[in-house]
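Enquirer: Okay, handing you the structure first.
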Amino acid sequence: MSHKFKNIILSLSIFLWACNTTKHVPDGEYLLDKYKIHSDIPGLNQDILEEYLRQTPNATALKALKIQLAIYNIAGKDTTKKLNKFFMKIGEEPVLFSQRLTDISTQQIQKVVVNKGYIDAEVVNKVQIENKKVRVDYYINAKKPYTINKYSVDIHDSILSSIANDTSKSLIQDGMLFDVDVFDEDRQRVTTSVREIGFYNFNKEYLVYTADSTLSSHKINLNLDLNTFLKQNKDSINKQVFTQYKIRKVIFNSNQINNQNSGNFNSSKLDTTLFNDFILISPKEKFIEFKTLIFNTYISPNTFFNDKDVEKTYSALNSLGPVKYVTISFVEMPNNTLDCIINILPAKTVSLSAEIEGTYTGGYWGGAFKLGTVNKNAFNGAEILSIQGRLASEWQSGIWAQEYGAQVGLKIPRFIFPIGNFDFKRSIHANTEFASDLSYQFRPSEFTASNISAGTSYSWDRSKYKHNFELFNLSLMNFDLDQQFITNYIDTKKYNIHNYESRFILRMGYKGSFSNFNPNRPSRNYSTYRYSIESAGNLLYGLNKLLNTTPSVDGNYKLFNIAYAQYVRGEYNTSYNQIIDKNNRFVYHLGVGLGLPYGNADVLPFERRFYSGGANSVRGWGETKLGPGIYQRDNTVINRDYNQVGDIKLDLNMEYRAKLFWFFEGALFLDGGNVWTIKKYDEQPGGEFRFDTFINQIAIAYGAGLRMDFSFFIARIDLGFRLFDPALQRTEQWRIKPGKDDFAFHLGIGYPF
């Protein structure tokens, strides 16, 4: 970093700090600077209380730096000037203290505490003013809480009563705090359960709690009962509310909304199609196949009404490419049945795209051009057909390296398999995907390589879980090595010959993910999980053994005279988001991976091995420039070292993220990790994993980043510095004073984890 650049940064920092935080606070007003909630309730989550505050101070980074306010205060008071308008737009205007909002916040906090069972609680606020700034302290005097002495259910309907009395699922227990929020949550649980078994006309408001507080010692008897309205209307209303309804018919209407909106509604041009109590009303030229709608509808004739089925149907149909949106309604019919009406509005389906990108890989600059098209209704069954071509070039030591590629994918929104009847396939509710890929690489003075692959997979969602099962993927990687490259790098064992051998890979695998993030409560901490496992070569190896095939002279079984890979590989990633407030959070990440070659393979295929470093790993190193273990990188002649991959991976990351101003976010991070080999390879000395040494081989990096949140995507810039480099001599491993090679600059899209 140059001396001039340091002076610019220092001057900017001093300028921001010098800005008077009360510069734009009018006379007679005060800046709300700080607040704190003081509570004597053990274990009370203060994050819950903060959600009820009607006024909070300006956003801070690191709980101290009010950067958005500082940006706003750079502006002068003349609001007609464009520069002043700009700073006011990207900054945040000062939050002016309001005694009225503070008093309302106090009342809201008291309501929350009372709802938690501290019925006699008192909450007061104290306001301190100093230099046009205000600090507000909220004090909670909880006093003795009320608890439930006995909980009972008094409902005459046997089904409803059994659900409410289910002690294994009920949230209300004798002896617990008199928590109104828990009572309401359990009332919703009961309502949800009964609406999932056909009680179409039942809603939460029909259930009420009565509390008897005449007991001594702050104990209350609680009773769940029906509301007065139902009790006073015991005949027709009760019969309607406590009746289970079945679905009679499911009627899709793909014409009515569209035609009525356009003013061209003409019933003579409509066509009606029937299948097993499913009905489609549409123009004679259907914009979407009937079976596609049926496969993506969870509501089925001759089954009980179920709220969850309605929600899942909304989600599934709205995700179809040719569908703009849907509406679902129900009509009550004789014999306690319902007709389900699903109105569908079509959407545009074809799009074209062209992309130009710059690349920087392993010390080489280059560029790429992509051209593609997507048809979201390729065969009138909401099939998504995507075709993309790619041309890339890279300037390598005076010669242009080249890569050509094409991809074709077809995603069909239903489960396709040779066996199984219609009902079975519909019950799976999965997408079927076919994918193919063709690429050709020319690396001057190294090799040419061609790759062709094709596969089939299934994907489906279940609540917060996402699943993908790869039925098979067959690929062929074919290499043609330059003789000089063989002499300089293969024969000298600088590079592993197995990385450049032609091979077949026939694999199958599973990927899954889970997140407990609640969009309705975004300020709550949450975790995400991603996991995968795959295996390759087992079917081919089993056939070779079954047929007693003789291996080739190198000891490997081959397919069309090309060896095939055999391995098992698994990966697991988890991250935890600790929400401080809406502008600040800590994110912790753990990633582990393990691959094991066996049978017909001595090493994992190069593209299935793990690497460390880069924008999503240990950011003090460039991509594939760390490890394995204490392996010493070969920096001679070629910038890339293809030996810096392994069979075991560990990533440990901690990142602090803060909103700065406008669409900018900042980050501070600490990363650790490395990769190791599962075996001892001559080409990767020092890379083998050992339990007694791997701890001392974990690399450590730190740094800072800037993110730009454009809503539809996030662009990311990270600068990482090496703190501990296990590949160096012991006296040089701790990089307290970073050198010119001890940092890495990264560009990325999206968060690293």
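The values are calculated or read from the model by the stated rules, or taken from the named source; none is laboratory data. Treat the numbers as computed from the prediction; the structure is a model and nothing was measured. With ideal geometry, Cβ positions are generated from the backbone for all residues, glycine too; neighbour counts draw on all protein chains shown. When the accessible area is computed, the model is the full protein with side chains, heavy atoms only, and any ligands, DNA or RNA have been set aside. Shrake-Rupley method; radii C 1.70, N 1.55, O 1.52, S 1.80 Å.
Enquirer: May I ask which residue of Phe252, Phe242, Ala142 lies farthest towards the positive end of the charge dipole of region 131-257, with charges of +1 (Lys, Arg) and -1 (Asp, Glu) on Cβ and the Cα centre as origin?
Expert: Phe252
Enquirer: So if I place +1 on the C-beta of Lys and Arg and -1 on the C-beta of Asp and Glu, and nothing else carries charge, what would the dipole magnitude of the chain be about its Cα centre? I want it in debye, nearest 20.
Expert: Dipole of the chain, to the nearest 20 debye: 1080 debye.
Enquirer: May I ask you to list the lysines whose Cα is less than 17 Å away from that of Lys219, ignoring any residue fewer than eight positions away on the same chain?
Expert: Lys116, Lys143, Lys144, Lys150
Enquirer: I would also like to ask the following. What is the magnitude of the charge dipole of region 617-709 about its Cα centre, with +1 placed on the Cβ of each Lys and Arg, -1 on the Cβ of each Asp and Glu, and no other charges, expressed in debye to the nearest 20?
Expert: 160
Enquirer: How far apart, in nm, are the 7 Å Cα→Cβ label points at Thr492 and Met708?
Expert: 4.3
Enquirer: Report which label in (1) 32.0; (2) 28.3; (3) 29.8 holds the value of Kirkwood radius over Cα pairs in Å derived from the coordinates of this structure.
Expert: Step by step, Kirkwood radius over Cα pairs in Å for this structure corresponds to label (1).
Enquirer: Let me ask you something else. Quote the FRET efficiency, to the nearest 0.05, computed for Val350 versus Phe745 with a Förster distance R0 of 41 Å and r equal to the Cβ-Cβ distance.
Expert: After rounding to 0.05, the efficiency reads 0.55.
Enquirer: Right, something else. Which percent of the accessible heavy-atom area of the chain goes to carbon and sulfur, probe 1.4 angstrom?
Expert: Answer for the chain: carbon and sulfur cover 56 percent of the accessible area.
Enquirer: Which value at 222 nm does the chain reach when only helices count, each DSSP H run of 4 or more adding -39,500 (n - 2.57), with the total divided by all residues and rounded to the nearest 500 deg cm²/dmol?
Expert: After summing the helix terms and dividing by residue count, I get -5000 deg cm²/dmol.
Enquirer: On a straight-distance basis, which aspartates and glutamates could pair with Lys425 in a cross-link, Cα separation under 16 angstrom, same-chain partners fewer than 8 positions away excluded?
Expert: Excluding near neighbours in sequence, the set is Glu433, Asp461.
Enquirer: Starting from the Cα gyration tensor of region 151-221, take the square roots of the eigenvalues, sort them a ≥ b ≥ c, and report rounded, prolate or oblate (rounded when a/c is under 1.5, otherwise prolate if a/b is larger than b/c, else oblate).
Expert: prolate
Enquirer: Do any of Lys63/Lys111; Lys66/Lys89; Lys370/Lys511; Lys308/Lys464 go past 20 Å between their Cα atoms, and which?
Expert: Over 20 Å apart, Cα to Cα: Lys63/Lys111; Lys370/Lys511.
Enquirer: If you place +1 on the Cβ of every Lys and Arg and -1 on the Cβ of every Asp and Glu, how big does the dipole about the Cα centre of region 595-753 come out, in debye to the nearest 20?
Expert: Dipole about the Cα centre, nearest 20: 300 debye.
Enquirer: Rounded, prolate or oblate: which one fits region 484-576, using the alpha carbon gyration tensor with axes a ≥ b ≥ c (rounded when a/c is under 1.5, else prolate when a/b beats b/c, else oblate)?
Expert: Oblate.
Enquirer: How much length is gained if the chain between Lys291 and Leu546 is pulled fully straight, taking 0.36 nm per residue apart and subtracting their Cα-Cα distance, in nm to one decimal?
Expert: 87.6 nm
Enquirer: Name the aspartates and glutamates eligible as straight-distance cross-link partners of Lys582: C-alpha to C-alpha under 20 Å, and not fewer than 8 places from it in the same chain.
Expert: Answer for Lys582, where 20 Å is the Cα cut-off: Asp33, Asp47, Glu50, Glu51, Glu92, Glu93, Glu655, Glu665, Asp709, listed by chain and number.
Enquirer: Pick out, from Ala392, Leu371, Ala715, the residue whose Cα sits farthest towards the positive end of the charge dipole of the chain, with +1 on the Cβ of Lys and Arg and -1 on the Cβ of Asp and Glu.
Expert: Ala715
Enquirer: Can you give the longest stretch of the chain with no exposed loop site, where a site means GluC sites (Glu not before Pro) in a DSSP loop (not H, G, I, E or B) with at most 15 other C-beta atoms within 10 Å?
Expert: 286-753
Enquirer: Per residue, how large is the accessible surface of region 95-218? Use a 1.4 angstrom probe and give square angstrom.
Expert: 51
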